[in-house]
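J.: My questions will all concern the structure given below.
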Amino acid sequence: MSFELPEVRNPGLMPFRFRLLPGGRAVVVTDLAGRFAILSREEFGDFVAGTLPDDHPAAARVRNAGLVRSAEGETDTVAALRRRSEHLMRGPGLHILILTLRCNQACVYCHASRKGEGAEGVDMSQQTAARVLDVVFASPSPDLTLEFQGGEPTLNFEVLRFVVEEASRRASASGKRVFFSLVSNLSPLDQEKIDFLVDHGVMVCSSIDGPAALHDRNRRWSSRSAHQATLARIEEFRRAYAKRGLDPELAFVNLLATVSRASLAQPEALVDEYVRLGSKVVHLRSLNPFGMGKKIWAKEGYTAEEYLAFYRRAFDHIVKLNRAGVEIMEKIAALALTRILTDDDPNYMDLRSPCGAGIGQLAYGYDGKVYTCDEGRMVAAMGDPMFCIGDVQAGGYADIIRHPGVRSLCVASCLECLPGCSDCAYAPYCGVCPVYNYVQEGDLVARWPQNDRCRIQMGIADLLFERLQEPGLEPLLRRWTINRDRSSVYRRMMPLTTPVTCP
Ligand code: SF4
Ligand code: SF4
């Protein structure tokens, strides 16, 4: 819907961006730091013309959102921008280790790098892991998260064990704080390994794509039920946490649902499965094209509009459950709402400016090659080393971080400089992915109107602002932004990484 900015005649305005919501009646106006006001079209016209009476309810909304110039407001905006940009001063804190390319399951949407369970020469060796830790501990970040991924990382458990023990030792010696996160289908774990993970504070993230039929259709495991196996392990983790007296509200396996074409028709059933499992969070992940062959995409993929129709149904079902007293939220919406409704920044690598590539995270292949992020590694698995920025066997942290690829991705993901994003009302809550753009469009910078990732993010933001206008819904959605401190279990709760990195 086209909507032109009325002539600006009010000299007392702070810099702002605006968007007419679908339906054409309400306008979202945001400031540089993400504070916002929702105005009717008429109120918006009066706001920019300077004819909004001081005692009008909308005038209070624009003042509270810092959209009207005042000495105090400017100081607040600067402080909010500084808080939102703190990640720029930290250095890479998230380090993703690909312990193996082997996997015992074969998901229908899996990327090209996966190898069969018995494949040889695709496990990270202990010697390579030690070199990886040299680079990790050279990062200036005082907090380091080591995230184990694969393949199925627990198939190389001895190296996982080595990294946890050795990193803990180096953390004590260096004064840095180290956190561990495991992304796994859980099926290869036995009791001894579960005990090790729980005793060493390793946060665990797994996948449940929905009810058994949907999950097992997506995540193939010879003739066995992957759904049943994952649920059995989750139960074992529950028992292990309970045995140690840990609060079940804080100690639990994080779950993620990857949305395939088959999921699109059943958002309510997917959410209900999470409720049945006692999960308080549904993390919906749309498919991305990294490393996925064209044939697979044709069978499993979908358009942004199809995904958004699914997402709206899932979201509204969750809200209906909340109204009936069921405690559950959607993770991507919760992250966006945290930025929209609070001053906190969840520092989610894919939804920040610039994105986390190189400056917030690094990914290490099983062979010691270093990438800007795991998605960059997946592109390398397709035969294109564009996002490889070093090798732990051949160089140190300084060589890696100074690689021109890191600078290129910073520039390409800086929303404030990108056509399309720099004047988008949702820029304070958003982020672009140069690796996605490169895979989809052959360029680090997207051509916006066709970019599905942008359309999905814009559609989700539209949905949130539409719902925030509904009577009584804001307090309910505000509850989604409350993060409980899980440090008693994991020493400190770290944000899980990109939606595209959990299996
Ligand atoms: S990616 Fe799309 S939604 Fe996000 S800031 Fe850019 S134009 Fe806006
Ligand atoms: S947004 Fe894209 S390029 Fe940036 S860190 Fe995430 S996956 Fe990598």
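Yes/no per residue for (1) under 20 Å from L146 (Cα atoms); (2) of a type outside the set (D, E); (3) more than 14 Å from ligand 2 (Cβ to nearest atom):
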{"site": "A363", "(1), (2), (3)": "yes, yes, no"}
{"site": "G376", "(1), (2), (3)": "yes, yes, no"}
{"site": "I389", "(1), (2), (3)": "yes, yes, no"}
{"site": "G396", "(1), (2), (3)": "yes, yes, yes"}
{"site": "P404", "(1), (2), (3)": "no, yes, yes"}
{"site": "E416", "(1), (2), (3)": "no, no, yes"}
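J.: Taking the stated definitions as given, is R455 closer than 28 Å to T342 by Cβ and either in contact with a strand residue (DSSP E or B) (Cβ under 6 Å, 6 or more places away or on another chain) or in contact (Cβ under 8 Å) with a residue 60 or more places away in the chain (or both)?
T.: Spelling it out, R455 is indeed closer than 28 Å to T342 by Cβ and either in contact with a strand residue (DSSP E or B) (Cβ under 6 Å, 6 or more places away or on another chain) or in contact (Cβ under 8 Å) with a residue 60 or more places away in the chain (or both).
J.: Something else: Does R313 satisfy being closer than 19 Å to E273 by Cα and in contact (Cβ under 8 Å) with a residue 60 or more places away in the chain?
T.: Numbers: closer than 19 Å to E273 by Cα: yes; in contact (Cβ under 8 Å) with a residue 60 or more places away in the chain: no.
Spelling it out, it is not the case that R313 is closer than 19 Å to E273 by Cα and in contact (Cβ under 8 Å) with a residue 60 or more places away in the chain.
J.: Next question, about the same structure. Kindly indicate which of A79, A58 is hydrophobic (A, V, I, L, M, F, W, C), part of a helix (DSSP H, G or I) and surrounded by 14 or more Cβ atoms within 10 Å (Cβ to Cβ).
T.: Answer to the selection: A58.
J.: Can you name the residue in region 411-470 that is of a type in the set (F, W, Y) and part of a helix (DSSP H, G or I) and, of all such residues, is farthest from ligand 1 (Cβ to nearest atom)? Before the answer, list the steps.
T.: Going through region 411-470, the residues of a type in the set (F, W, Y) turn out to be 426, 429, 436, 438, 448, 465.
The next check asks that each one be part of a helix (DSSP H, G or I); those that pass are 429, 436, 438, 448, 465.
Numbers: Y429: 8, Y436: 10, Y438: 15, W448: 6, F465: 12 Å.
Ranking the candidates gives Y438 first.
J.: Looking at region 438-458, is at least one residue modelled with pLDDT of 95 or more, closer than 26 Å to N288 by Cα, more than 14 Å from ligand 2 (Cβ to nearest atom) and of a type in the set (A, V, I, L, M, F, W, C)?
T.: yes
J.: Can you list the helices (runs of 4 or more DSSP H) found entirely within region 281-395 that contain at least 2 residues being among the acidic types (D, E)?
T.: Those helices (runs of 4 or more DSSP H) span 304-323, 374-381.
J.: Hey, another quick one. Those residues that are under 28 Å from L270 (Cα atoms) and of a type in the set (K, R), I need them from region 183-223; list them, please.
T.: Listed by number, the residues that qualify are R217, R219, R220.
J.: Please go through region 198-220 and give me each residue that is of a type in the set (A, V, I, L, M, F, W, C) and out of contact with any helix residue (DSSP H, G or I) (no Cβ under 8 Å at 6 or more places or on another chain), ordered by number.
T.: Those that are of a type in the set (A, V, I, L, M, F, W, C) and out of contact with any helix residue (DSSP H, G or I) (no Cβ under 8 Å at 6 or more places or on another chain): C205, A213.
J.: Quick one: in region 18-30, which of the residues that are without any contact (Cβ under 8 Å) to a residue 60 or more places away in the chain and in a loop (DSSP other than H, G, I, E, B) is farthest from A58 (Cα to Cα)?
T.: Only one residue fits best here, namely G24.
J.: Take S181 and tell me if it is under 18 Å from D143 (Cβ atoms), in contact with a His (Cβ under 8 Å, 6 or more places away or on another chain), touching a residue at least 24 places away in the same chain (Cβ under 8 Å) and in the same structural domain as I234 (by TED's automatic domain parsing). Can you show your working first?
T.: Working: under 18 Å from D143 (Cβ atoms): yes; in contact with a His (Cβ under 8 Å, 6 or more places away or on another chain): no; touching a residue at least 24 places away in the same chain (Cβ under 8 Å): yes; in the same structural domain as I234 (by TED's automatic domain parsing): yes.
Here the answer is no, as S181 does not meet what is asked.
The values are calculated or read from the model by the stated rules, or taken from the named source; none is laboratory data. Since this is a predicted model, take the numbers as computed values, not measurements. Don't worry about glycine lacking a Cβ; one is built from the backbone with ideal geometry, like all the others, and counts go over all protein chains shown.
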